[in-house]
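A short worksheet on the structure shown next.
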Amino acid sequence: MSIAKNLLSIKNTLPEQVTLVAVSKTKPVPDLMEAYDAGQRIFGENKIQEMADKWEEMPKDIQWHMIGHVQTNKVKFMATFVNLIHGVDSFKLLKEINKQALKNNRIIDCLLQMHIAEEETKFGLDEEELNSLIASSEFEEMKNIRITGLMGMATFTDNQDQIKKEFSHLKIIFDKLQSQQTENCQMNTLSMGMSGDYKLAISCGSTMVRIGSSIFGGRN
């Protein structure tokens, strides 16, 4: 199967309201260009330097999503061009994104990463941290970021019931926040679901899925 065929067959299974992020980390530019030529305009990377190199080389109508864990000292390298940062898991990181966005005279869209999995290794906020962050006066003063939704990763397991429970829990949190719209917090995106579980995620209310290996093939 070619990348273009893989991409189109996945797109055909997605409901209209679901956005596809093609996870292109570690893949060479010609592979991304094949997806681009087949109509894909949103790519997800997990290393800032790799994303910046690809941004330099590729067409400028692409939206670049940072989907990996972000170190605060690296934010400046993507602040000029990144469209959406999926993994904002601390107030410290949000402050740095706001600072770098201000320097570049931009407003950068972010998703707050929630910890919904049972593994300790996954990054993210719990519900209490989320609520206190959004309610804080310091957050209210951040004019160069916009929280557009939540992101979460389910436990890496074959237990579909557990995955469903975790996705459903995140959807409940998301729904609660949708009624609290402010200038810099407008919840419209729920990013959950990857190659292995995206159909389940969509059935639980996901509006954005991150799919890599099903499009580009396995990674070395």
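Where a number appears in this text, it was derived from the coordinates with a stated rule and is not lab data. Note that this is a predicted model, so its numbers are computed, not measured. Ideal geometry is used to build each Cβ from the backbone, glycine not excepted, and the neighbour counts take in all protein chains shown.
Please work out the FRET efficiency for the pair D158 and I107, using the Cβ-Cβ distance as r and a Förster radius of 41 Å; give the result to the nearest 0.05.
Efficiency for this residue pair is about 0.50.
With runs of 4+ DSSP H residues as the only contributors, calculate the mean residue ellipticity of the chain at 222 nm using -39,500 (n - 2.57) per run, divided by the residue total and rounded to the nearest 500.
-10500 deg cm²/dmol
So if we plug the beta-carbon distance of A135 and S2 into 1/(1 + (r/R0)^6) with R0 = 45 Å, what FRET efficiency do we get, rounded to 0.05?
Step by step, r from the Cβ atoms, then E = 0.40.
Ranked from highest to lowest mean number of other Cβ atoms within 10 Å per residue, what is the order of the peptides 63-71, 127-135?
Ranked from most to least packed, the peptides come out as 63-71, 127-135.
Sort out for me the Cα centre separation of the stretch 155-180 from the stretch 40-108, rounded to whole Å.
Cα centroid to Cα centroid, the span is 25 Å.
Do any trypsin sites (Lys or Arg not before Pro) in the stretch 84-146 lie in a DSSP loop with no more than 14 other beta carbon atoms within 10 Å, and if so, which?
Answer by residue number: K143.
What FRET efficiency would be calculated for the residue pair S179, E128, taking the C-beta separation as r and a Förster radius of 22 Å, to the nearest 0.05?
0.75
Quick check on the chain: of the DSSP beta bridges with both residues there, what percent are antiparallel, nearest 5%?
Restricted to the chain, the bridges split so that about 5 percent are antiparallel.
Over the residues of the stretch 153-205, compute the C-alpha Rg and express it relative to 2.2 N^0.38 Å.
1.24
Can you order the peptides 79-85, 49-55 by their average number of other Cβ atoms within 10 Å per residue, highest first?
79-85, 49-55
For Q17 and S195 in one chain, what is 0.36 nm times their gap in residues minus the Cα-Cα distance, to one decimal in nm?
Taking Q17 through S195 to full extension adds about 62.3 nm, to one decimal.
Of the candidates T182, T148, T13, which one comes out as most mobile in a Gaussian network treatment of the chain with C-alpha springs shorter than 10 Å?
T13
What distance in nm separates the two pseudo spin-label positions at M33 and K74, each 7 Å out from Cα along the beta-carbon direction?
2.6 nm
How far apart, in nm, are two points set 7 Å out from the Cα along the Cα-to-Cβ line at E118 and at K99?
The answer from the label model is 3.9 nm.
Of the listed values [x] 125; [y] 171; [z] 107, grab the one calculated as volume of the Cα convex hull per residue in Å³ from the structure here.
[x]
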